[in-house]
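Written below as structure tokens is the structure these notes are about.
Computed from the coordinates by the stated procedures, all read-outs in this text should not be read as laboratory data. These numbers come from a predicted model, not from an experiment. Note: ideal-geometry Cβ built from the backbone for every residue, glycine included; neighbour counts use all protein chains shown.
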Amino acid sequence: MTIKELDQAFIAGTYGRQDVAFISGKGAELYDEAGKRYIDLGGGIAVNAFGIADDVWADAVKAQVDKLQHVSNYYYTQPQSELAKVLCERTGMKKVFFSNSGAEANECAIKAARKYASDKYGPVARPNIITLWNSFHGRTLTTLSATGQESFHKDFGPFTPGFVHVAANDIDDMKLALEADDVAAVMMELIQGEGGVNVLDPEYVREVAALCEKQDVLLLIDEVQTGNGRTGELYCYMHYGIKPDIVSTAKGLAGGLPMGATLFGEKTMFTLTAGSHGSTFGGNPVCAAGARSVISRLTDELMQEVQEKGAYIKETLGASKGVVSVSGVGLMLGIETVRPAKDILLGCLDRGVIVLTAKNKIRLLPPLNIPTQLLKEAIAILKEEIEQ
Ligand SMILES: *Cc1c(COP(=O)(O)O)cnc(C)c1O
């Protein structure tokens with residue numbers, strides 16, 4: 001049987017896969033079964049920060065595999081401790097909890113917010129968490145509850161209660177929800193990724209942050225997709241000049257290995273205590289070694305490059321016939337097109353360029369270090385497909 005036949009026979013049909021099986025790659029290039037080359041503008045959905053089989057990352061991971069792959073969280077391990085230190089030093093956050101995915105990083109943030117409110121105001125006074133319509137926070141039942149998209153909410157009820165959704169960029173809606181005085185936290189993505197690469201208005205975000213501060217409502221920023229250099233800052237909140245109480249991240253953190261992290265600020269650094277939360281695989285030494293390598297390479301110089309490449313894409317496509325709008329920051333971009341995004345995706349795939357979609361838009365999340373030459377080649381093809 002072919003790879004595709006095996007998959008269709010034995011894998012639960014949760015994914016609408018494209019008709020291609022990838023075998024290998026290097027950097028921003030991938031190869032399929034027939035040896036056809038593709039330029040990767042999807043980055044495995046913002047996961048492969050330095051592309052496929054990057055040498056520096058692979059060496060860091062291989063060295064750790066040969067030394068110690070796992071011992072459980074009953075013990076201290078070097079990659080996990082060192083990674084936590086670097087994350088705290090570079091963000092000003094105080095403590096880190098490691099998990100294996102974005103949904104788990106958000107679960108941890110939600111649990112911590114609930115416990116903070118319970119510790120301080122009693123177990124019933126502040127049960128609610130406000131999130132935004134059109135958000136995406138994960139696929140577990142609780143993070144689905146948090147997710148403000150009705151399409152995800154059918155068939156799986158009952159859901160975890162205590163989530164209130166408000167309209168993004170609508171400060172009056174947020175004020176109204178906060179007036180209820182029963183709110184533990186506000187949780188949001190600063191750029192809604194799955195929701196269509198919608199950038200939150202800086203003024204709105206700063207106003208929400210101020211309201212939260214005033215009412216001792218925690219501000220949880222979901223940086224699962226926007227984090228780890230994606231937008232040309234280490235974390236996207238740094239563009240906004242705010243100080244979140246909790247930051248969750250995952251996707252690009254370990255450069256292609258499963259890892260989530262929940263970062264706690266001063267208010268929440270002691271909220272989770274021994275036995276109150278845990279994860280068997282969380283902070284796994286191999287994943288942590290991959291992440292330590294990734295974070296150490298997210299330099300100011302690379303962040304500058306990410307911003308420049310993002311600006312190049314925006315300029316090139318912004319002026320194209322058939323483009324309605326280009327949104328996003330750094331190398332997290334959404335392109336609204338006249339031609340249906342799904343057709344453009346298929347046209348690009350056929351011509352050896354991988355792009356993603358989000359809602360009705362083309363979404364680009366290439367490796368942060370994609371060579372300029374490859375980027376130009378791929379964008380030229382994308383432009384032709386958009387203009388068709
Ligand atoms: C992808 C994503 C998640 C879920 O991450 P998983 O690793 O798939 O659990 C949560 N929040 C945001 C903003 C995401 O983009």
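Give the relative contact order (percent, whole number) for the chain; include only Cα pairs under 8 Å separated by 6+ residues. Spell out each step's value before the answer.
Details: 771 pairs, mean separation 89.1, N = 388.
Dividing the mean separation by the residue count of the chain yields 23 percent.
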Taking the alpha-carbon distance from Lys95 and a cut-off under 14 Å, which aspartates and glutamates remain once sequence neighbours fewer than 8 residues away in the same chain are dropped?
Glu82, Asp245, Glu266
Checking the a/c ratio against 1.5 first, then a/b against b/c, what shape does the Cα gyration tensor give for region 217-283?
oblate
For the peptides 236-246, 76-86, 296-306, what is the packing order when you average, over each peptide's residues, the other Cβ atoms within 10 Å and list the highest mean first?
236-246, 76-86, 296-306
Beyond 19 Å between alpha-carbons counts as too far, so tell me which of Lys342/Lys383; Lys85/Lys120; Lys309/Lys376; Lys314/Lys376; Lys243/Lys314; Lys36/Lys342 fall in that bin.
Lys85/Lys120; Lys243/Lys314; Lys36/Lys342
Rounded to the nearest 0.05, what FRET efficiency do Tyr204 and Tyr74 give with R0 = 35 Å and r taken as the Cβ-Cβ distance? Could you check?
0.20
Run a plain Debye calculation on region 187-239 (Cα atoms as equal point scatterers, no solvent) and give log10 I(q)/I(0) at q = 0.23 Å⁻¹, rounded to two decimals, same order as the q list.
-0.89
One would report the antiparallel percent of DSSP beta bridges in the chain, rounded to the nearest 5, as 65 percent
Post the alpha-carbon centroid distance, region 295-326 to region 114-165, in whole angstrom.
33 Å
Can you tell me what the convex hull of the Cα atoms of region 223-382 projects to on average, as an area in nm²?
11.2 nm²
Taking the radius of gyration and the Kirkwood hydrodynamic radius from Cα positions alone, what is the Rg/Rh ratio for region 314-381, to two decimal places?
0.92
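What FRET efficiency comes out for the pair Glu82/Gln388, r = Cβ-Cβ distance, R0 = 35 Å, nearest 0.05?
0.10
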Where a ≥ b ≥ c are root eigenvalues of the Cα gyration tensor, a/c under 1.5 meaning rounded, otherwise prolate if a/b exceeds b/c and oblate otherwise, region 250-301 counts as oblate
In square nanometres and to one decimal, what's the mean projected area of the convex hull around the Cα atoms of the chain?
19.6 nm²
Compute the projected area of the convex hull of the Cα atoms of region 119-273, averaged over all viewing directions, and report it in nm² to one decimal place.
9.6 nm²
In Å, the C-alpha Rg and Dmax of region 169-210 are 11.1, 31
Inter-label distance for Arg90 and Ser320, nm, one decimal - labels placed 7 Å from Cα along Cα-to-Cβ:
3.1 nm
Of the peptides 339-348, 325-334, how do they stack up when ordered by the mean number of other Cβ atoms within 10 Å, highest first?
325-334, 339-348
From phi via Karplus (6.51, -1.76, 1.60), per-residue ³J(HN,Hα) for region 18-27 in Hz, x at Gly/Pro
6, 7, 8, 10, 8, 10, 7, x, 8, x
Work from the charge dipole of the chain (Cβ charges, +1 for Lys and Arg, -1 for Asp and Glu, about the Cα centre) and give the residue of Phe97, Leu349, Thr231 farthest towards its positive end.
Phe97
Can you list the residues, at least 5 places off or on another chain, whose amide H is less than 5 Å from the amide H of Thr337, using H built in the peptide plane?
Val324, Ile362
Label-point separation in nm, Asp350 to Arg37, each point 7 Å along Cα→Cβ:
2.2 nm
Evaluate Rg over Rh across region 42-92, taking Cα atoms for both radii and Kirkwood's formula for Rh.
1.04
